Amino acid sequence: MVDASVGVIGGTGLYNLEGLEDVKEVNIDTPFGSTSSSIVVGNLEGVSVAFVPRHGSGHTISPTNIPVRANIFALKKLGVSKVIAVSAVGSLRENIAPLDLVIPDQIIDRTKTRASTFFDGSIVAHVGFANPFCGTVSHNLYKSASKLGAKVHNGATYVVIEGPQFSSLAESNLYRSWGADVIGMTALPEAKLAREAELCYAILACSTDYDCWRYSEESVTVDMVVANLNKNIKISKKILEDVIPNLSQSVDCECNYAMENAIISSRDFVDAKDVDKLGLLVQKYMS
């Protein structure tokens, strides 16, 4: 079994990670089926990195159908402790222009049909999610983006919609009234599952458009999203190449103890099959 310490989840437009050496493609068995694609594992300046494109190599998986549980479980199984997720988002704020980068620190869940927990059997767990993103990884992302001259916003609220349709004008204005800053379709359940897996998870969000609230702008289209995202892929890859070596050292982070007091189920009533299934996540807490 190969192993990795840093995971990268590629969003729309980011289907490979350049600069990796000693590259291997691996397929990881998980209790939740197959990952979005084979996971590419390689070394970047001495740091072992695992990369998975969330929509599949040819972008064949809709946001609702992304096998997020399999992706996160597989990264955990590979030994990953820190995850950077790259996502395309629409801007809900005048000051966040298309082509800007955003490091969100809060999230609003407007998804509807997605499995958002590993714990759907006899093990019931209530993990804390007040601060959805890892402050340490987010800070490192912001430092790297700033150093490389990107226009980056540190801290924002990301509202996650089900999709695959873009939002209506009424919805866009509603989310603005809630204080949301960017809108996308993929940060959840990734962030929730990463917390249950005790991974340090942060997002590098690429603003591609003004959603549909800004009357002076043309309506958002797939062509617009892809065109602007492609312009940001180059700087996003440079940021990843810069930040990953800074994540090699272990840090005593509260993300790594998220499940410590989360399991409420009586051990006497838990099905042994569920312990076996989720042993990677719960074994140290189920003795």
Going through (1) at pLDDT 95 or above; (2) within 26 Å of ASP29 (Cα to Cα) one by one, VAL243 fails only at (2)
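Table: residues versus (1) under 30 Å from PHE119 (Cα atoms); (2) modelled with pLDDT under 85; (3) in contact with a Leu (Cβ under 6 Å, 6 or more places away or on another chain).
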{"residue": "THR208", "(1), (2), (3)": "no, no, yes"}
{"residue": "VAL222", "(1), (2), (3)": "no, yes, no"}
{"residue": "LEU247", "(1), (2), (3)": "yes, no, no"}
{"residue": "GLU254", "(1), (2), (3)": "yes, no, no"}
Does the range 90-98 contain at least one residue that is closer than 12 Å to ALA191 by Cα, touching a residue at least 24 places away in the same chain (Cβ under 8 Å) and in a loop (DSSP other than H, G, I, E, B)? no
The number of residues in the range 248-257 that are assigned to a loop (DSSP other than H, G, I, E, B) and touching a Phe, Trp or Tyr at 6+ places or on another chain (Cβ under 9 Å) is 0
Qualifying residue in the range 112-124 (condition: outside any loop (DSSP other than H, G, I, E, B), modelled with pLDDT of 95 or more and not polar (S, T, N, Q))
no
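Sort out which residues of the range 194-247 are outside any helix (DSSP H, G or I), over 21 Å from the mean Cα position of the chain (by Cα) and not charged (D, E, K, R), and write them in order of number.
Of the range 194-247, the ones outside any helix (DSSP H, G or I) are 197-221.
Those still in the list that are over 21 Å from the mean Cα position of the chain (by Cα) too: 210, 212-221.
Result: TYR210, CYS212, TRP213, TYR215, SER216, SER219, VAL220, THR221.
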When every residue in the range 1-44 that is among the aliphatic types (A, V, I, L, M) and assigned to a loop (DSSP other than H, G, I, E, B) is compared, the one nearest to SER207 (Cα to Cα) is LEU14
The number of residues in the range 156-184 that are in contact with a Phe, Trp or Tyr (Cβ under 9 Å, 6 or more places away or on another chain) and assigned to a loop (DSSP other than H, G, I, E, B) is 3
Note on LEU101: of the conditions (1) of a type outside the set (Ser, Thr, Tyr); (2) closer than 30 Å to SER172 by Cβ; (3) under 13 Å from the mean Cα position of the chain (by Cα), unmet is (3)
Original post:
Does at least one position in the range 213-234 carry a residue that is touching a helix residue (DSSP H, G or I) at 6+ places or on another chain (Cβ under 7 Å) and either in contact (Cβ under 8 Å) with a residue 24 or more places away in the chain or more than 16 Å from VAL83 (Cβ to Cβ) (or both)?
Top reply: yes
Taking first residues from the range 157-182 that are of a type outside the set (A, V, I, L, M, F, W, C) and second residues anywhere that are in a helix (DSSP H, G or I) and surrounded by fewer than 19 Cβ atoms within 10 Å (Cβ to Cβ), the pairs with Cβ under 8 Å that are 6 or more apart or on different chains are GLU162/THR64; GLY163/THR64; PRO164/THR64
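The values are calculated or read from the model by the stated rules, or taken from the named source; none is laboratory data. No experiment lies behind these values; they were computed from the predicted model shown. Methodologically, a virtual Cβ is constructed for each residue, glycine included, from the backbone with ideal geometry; neighbour enumeration extends over all protein chains shown.
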